[in-house]
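FYI, it's all coordinate maths here, none of it is from the lab. Just so it is clear, the model here is predicted, and its values are computed rather than measured. Neighbour counts run over all protein chains shown; Cβ positions are idealised from the backbone, glycine included.
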Amino acid sequence: MPEFTSAEYAAIFLSLKVSIVATLLSLPFGFVLAYMMTYRQFRGKVALDVIVNLPLTLPPVVIGYILLILLGQKGFIGQHLLQPLGIKLIFTWKAAVIATAVVGFPLLVRSIRIGMETIDQGLIQASRTLGAGWFDSMMTIILPLSLRGIIAGSALMFARGLGEFGATIIVAGNMPGVTQTIPLAIYEYASSPSGDSMAMALCVVSVVISVAVLLFHEFLTRRMIKVD
C-alpha cells in the first residue's frame with residue numbers, strides 16, 4: 001500500500017468531519033419530521049413525504065446543481081440571505097456538509113419513522129391518560145423507544161455521507177486539503193495514469209471505515225436488545 005501524504009490524510013479527515021457534522025445537524029430535524037409524519041395528520045402530508053424522499057430518486061448531481069442555484073451568489077438564498085450576512089457556502093467544506101445532509105436525510109427520517117411505528121400506541125395513550133403532555137410523552141416514551149431507529153438512521157446517513165460524490169463535487173468542488181473528500185480523491189487518482197495504487201488504497205480506507213461504522217451499529221443494537 002502506498003504511503004499517504006498530507007493530502008490523503010486531509011481527505012480522510014474531511015470525509016469523517018463532513019459525515020459526522022451532517023449527521024449531527026440532521027438528527028433533530030429528522031426526529032421532528034419523523035414524529036410529524038408518524039403521529040400527526042395535516043394537509044400536505046403526502047407532498048411533504050414526497051419532498052423528503054425525493055433525494056433517494058434524484059441523481060446526486062441534480063441535487064448538487066439545485067443547491068448551487070439556491071446557495072450561489074445569484075441564487076435566492078445566497079443573494080438575499082447569505083451575502084448580506086457575509087456568509088459564503090459554495091466551494092467550502094460547509095457546502096459539502098449541506099450536500100451530504102440533503103442526500104442522506106431521507107435514510108435518517110425513514111429509519112426513525114420505522115422505529116416510531118413499532119411503538120405500542122397503548123403506552124402513549126396510557127401516558128396521556130395519566131396526565132402527561134405531548135412533550136412528556138415524546139421525551140419519556142417515544143424518544144427512548146425510537147433509539148434503535150435513530151441509531152440505524154444515523155449509521156446509514158453517516159455511511160452514505162462517506163460515499164457522497166455527485167452533489168459534493170458540484171457545490172464544494174474538488175480542492176485538495178480544502179473540500180476534497182475520499183470519493184473525490186479517488187476520482188482524481190483514478191483519472192491519473194499513475195494514481196491506481198493510491199485510489200485503491202483510499203478505497204480500502206473507505207471500506208474499513210464503513211465496516212467499522214456498521215459493526216458499531218450492530219454492537220449498539222445488540223446491547224439495546226439485551227437491555228430490553
Legend entry - Glu188, Glu164, Glu117, Glu218 arranged by Cβ crowding within 10 Å, fewest neighbours leading: Glu218, Glu117, Glu188, Glu164
Legend entry - the chain - percent relative contact order, Cα under 8 Å, separation 6 or more: 31
Legend entry - Spread of Cα-to-Cα distances over 10 Å intervals beginning at zero, given as percent, for region 170-210: 31, 51, 18
Legend entry - Whole-number D in µm² s⁻¹ for region 1-103, Kirkwood Cα-pair radius fed into Stokes-Einstein, 20 °C, 1.002 mPa s: 134
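With all distinct Cα pairs included, what does the Kirkwood hydrodynamic radius of region 108-228 come out to in Å, to one decimal, could you say? Write out the running numbers ahead of the final one.
Values: mean 1/r = 0.0577 Å⁻¹.
After inverting the pairwise mean of 1/r, the radius is 17.3 Å.
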Inset, instruction - Could you give log10 I(q)/I(0) at q = 0.13, 0.21 Å⁻¹ for region 99-167, computed by the Debye formula over C-alpha point scatterers of equal weight, without solvent? - result: -0.45, -0.80
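What list do you get for Tyr189, Tyr39 if you sort them by fewest beta carbons within 10 Å?
Details: Tyr189 20, Tyr39 16.
Lowest count first: Tyr39, Tyr189.
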